[in-house]
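Report on the structure given below.
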Amino acid sequence: MHKSWQPSFGPDDFRIDEDLRVFDGYFKMYRLKLVHRRFHGGEVSIQRELFRRGNAVCVLLYDPHQDAVVLVEQFRVGALEAPEGPWLLELVAGIVEPGETAVDVAVRESDEEAGLAISGVRPISRFLPSPGASDEWIDLMFACVDAREAEGVHGLPEEGEDIKVQVIDAEAAFELVRAGRINSGPAIIGLQWLELNRPRIRSEESSATK
């Protein structure tokens with residue numbers, strides 16, 4: 001049993017022999033031929049398709065005074081076969097544009113998708129949601145909001161967005177995760193983080209307002 005972990009190999013232990021764009025639409029798909037070292041010695045040659053879609057930011061919006069989270073409900077084409085239909089309950093999120101920081105995106109998308117100003121922005125985690133096929137990194141962020149101002153339908157019409165704001169009691173949101181009714185990975189991770197850290201966050205916010 002190990003008490004920690006370091007990667008067995010590093011950036012110098014693979015090479016890309018071919019990198020060919022095979023689809024060029026809103027998103028881009030590439031076919032790569034690579035060689036990488038094997039755990040038992042030697043090398044292996046592989047071919048993989050890679051979806052290069054850019055990085056994204058997801059932000060968990062929480063009102064510590066109302067003890068409520070602000071989530072968004074919207075249609076997702078990748079969820080066409082979901083048992084309850086393709087309208088998912090998610091975190092506010094957006095793609096990182098050139099020159100933007102994670103905080104920039106959190107501020108922009110909170111306004112565009114929920115009509116809310118945010119404060120107390122902090123990182124939760126940075127992760128690869130689907131490294132077997134995509135190079136996307138997600139910066140998962142936390143921010144405080146005034147949930148009393150959260151309502152309505154938002155999104156950019158020119159992007160076909162139709163986003164409904166949902167204000168949900170924190171305990172009810174945790175129960176939705178436990179019941180398997182929230183199916184978005186970042187939302188699950190963010191809400192589980194909040195369940196672990198909520199007492200500390202509420203204490204910090206209470207002290208800050210005294």
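The values are calculated or read from the model by the stated rules, or taken from the named source; none is laboratory data. The shown structure was predicted, so the numbers you read here are calculated from the model rather than taken from an experiment. In this analysis, Cβ positions are derived from the backbone assuming ideal geometry, glycine residues included, and neighbour counts consider all displayed protein chains.
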(message) Being under 20 Å from Pro64 (Cα atoms), part of a helix (DSSP H, G or I) and over 17 Å from the mean Cα position of the chain (by Cα): is that true of Ala187 here?
(response) no
(request) Of the numbered conditions (1) aliphatic (A, V, I, L, M); (2) outside any helix (DSSP H, G or I); (3) farther than 13 Å from Glu90 by Cα, Ile201 fails exactly one; give the number of that condition. (result) (2)
(request) Would you kindly identify the strands (runs of 3 or more DSSP E) lying entirely within region 6-67 that contain at least 3 residues that are without any contact (Cβ under 8 Å) to a residue 40 or more places away in the chain? (result) 14-24, 28-37, 43-52
(request) Among the candidates Arg48, Arg38, single out the residue that is touching a Gly at 6+ places or on another chain (Cβ under 9 Å) and either more than 26 Å from Gly185 (Cβ to Cβ) or surrounded by fewer than 12 Cβ atoms within 10 Å (Cβ to Cβ) (or both). (result) Arg48
(message) Give me the residue from region 114-163 that is of a type in the set (Lys, Arg) and at pLDDT 95 or above and, out of that set, nearest to Glu205 (Cα to Cα).
(response) Arg122
(request) Mind listing whichever residues of region 160-176 are out of contact with any helix residue (DSSP H, G or I) (no Cβ under 8 Å at 6 or more places or on another chain) and not in a helix (DSSP H, G or I)? (result) Gly160, Asp162, Lys164, Gln166, Asp169
